[in-house]
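Notes for the one structure printed next.
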């Protein structure tokens, strides 16, 4: 047997080390569809607890929307459960191509290709369109999946300081000898909730003959006046060369992702992107659900408008209560606690009060920047937010952090 | 501190530190200390090559060799010779 006692104890030690360093992740079992009100089994084996979910990516509250569920059922009935194939062999149905066209229309791009996830889209796109003669210049806070995609690509890689356009310009000058230059950023940064200055990036890209890549996973469906994404907010629709995004967050929250942008780039992904070529097609039931989501969003901006109002209400409530927030205007609202243990303690106490919000600390965020990341949804009603605000105030008071400056909190709890 | 140490330390501060109050010296671990991620080393390598008119092969530009300003100086001096 190859899995010897030495092998087993070695792995056990690694798990032990993760636990000892306070980085062990435990799943909480939700006994309900995804929604603002959920029932959670945590710790494992304990009785169910009703809590308000403040940490889902269910921005538009569509994960369990009856029309989406109905459309998914119809998709299941008419196009079956699975395709048992990758796209290019016998895994492409009419509804896959229809959804690609609908996403192209929704995002205002030239063409779209679906992937099993946005993680896969990010993993595949760079390698498909760049080689040793090129350079990728990324914001230092881009998502982990982009970093993996960059690692898989042979082009040179450099970074610029988060949202620092002067630094980006220096890098574009430094790499001016490269054949192709790609500026890489998230649209909305998932840990901080701020947005990339896409208008300035597009201007720099035009000046230095570079492409712009945006991962808009935390934006598609709700950022911008009609929810098209960060490019709409910054008035650069049609000028972003590559957009990747997910169907696993605002757009129904099931799974799947895509690359949308210049048609030649999309075509090269169809020919070369390995996660597209070598993994199964997105299941028909999911495609049908997403198509319904896009239909709902194209008809009305009611949900993204409610989300915007909810997020503003939540930010104001927390600020008035005396919490320190990361600045921004997205539904990602990080409550800064700086100390990792404090973040864990506050999260635990909030849970006891019926509020499900998770603490983030190093290595997910930089050292000394621990926080509770709250995420607002159009599925939240005012009573959810008010109850959550009351809980935050109660827990904040218990830890004596309301109205305190960053330095005062560091003096009390350390970094 | 010699000129090379000053120049490289200054570059690292400007290029990688987000917080201007953060203090580093020629022996501060840059990569193992989480100040410079291994991805961002490329701009440091290009800076050294341009500044000192040298070419550092990729296999020599390891995270270990770039871990402190002092180690970087040693590496650069090897190529200037």
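Numbers below:
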read-out: Selection count, the range A:254-268, where residues are within 16 Å of residue A:103 (Cα to Cα) and assigned to a helix (DSSP H, G or I); value: 4
read-out: Any hit, the range A:169-183, residues being under 17 Å from the mean Cα position of the chain (by Cα) and within 14 Å of chain B (Cβ to nearest Cβ); value: no
read-out: Subset of the range A:381-415 that is in a loop (DSSP other than H, G, I, E, B) and out of contact with any strand residue (DSSP E or B) (no Cβ under 8 Å at 6 or more places or on another chain) - its residue that is farthest from residue A:61 (Cα to Cα); value: A:414
read-out: Selection count where residues are closer than 20 Å to residue A:230 by Cβ and either more than 9 Å from chain B (Cβ to nearest Cβ) or surrounded by fewer than 20 Cβ atoms within 10 Å (Cβ to Cβ) (or both), scope the range A:127-155; value: 12
read-out: Among residues of the range A:11-31, those that are modelled with pLDDT of 95 or more and part of a loop (DSSP other than H, G, I, E, B), counted; value: 1
read-out: Residue check for residue A:70: part of a strand (DSSP E or B), modelled with pLDDT of 95 or more and surrounded by fewer than 17 Cβ atoms within 10 Å (Cβ to Cβ); value: no
read-out: Every residue from the range B:32-60 that is outside any helix (DSSP H, G or I) and either farther than 18 Å from residue A:167 by Cα or touching a residue at least 24 places away in the same chain (Cβ under 8 Å) (or both); value: B:32, B:33, B:34, B:36, B:53, B:54, B:55, B:56, B:57, B:58, B:59, B:60
read-out: Options A:158, A:186: the member that is without any contact (Cβ under 8 Å) to a residue 60 or more places away in the chain and within 14 Å of chain B (Cβ to nearest Cβ); value: A:158
read-out: Qualifying residue in the range B:60-77 (condition: under 11 Å from the mean Cα position of the chain (by Cα) and within 11 Å of chain A (Cβ to nearest Cβ)); value: no
read-out: Qualifying positions in the range B:12-37 - surrounded by 14 or more Cβ atoms within 10 Å (Cβ to Cβ), under 20 Å from residue B:1 (Cβ atoms) and within 11 Å of chain A (Cβ to nearest Cβ); value: B:15, B:16, B:17, B:35, B:36
read-out: Qualifying residue in the range A:357-377 (condition: within 26 Å of residue A:47 (Cα to Cα) and surrounded by fewer than 17 Cβ atoms within 10 Å (Cβ to Cβ)); value: no
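The values are calculated or read from the model by the stated rules, or taken from the named source; none is laboratory data. Bear in mind that the values here come from a model prediction, so they are computed numbers and not experimental data. Because the Cβ atoms are built from the backbone with ideal geometry, glycine has one as well, and the counts that use them run over all protein chains shown.
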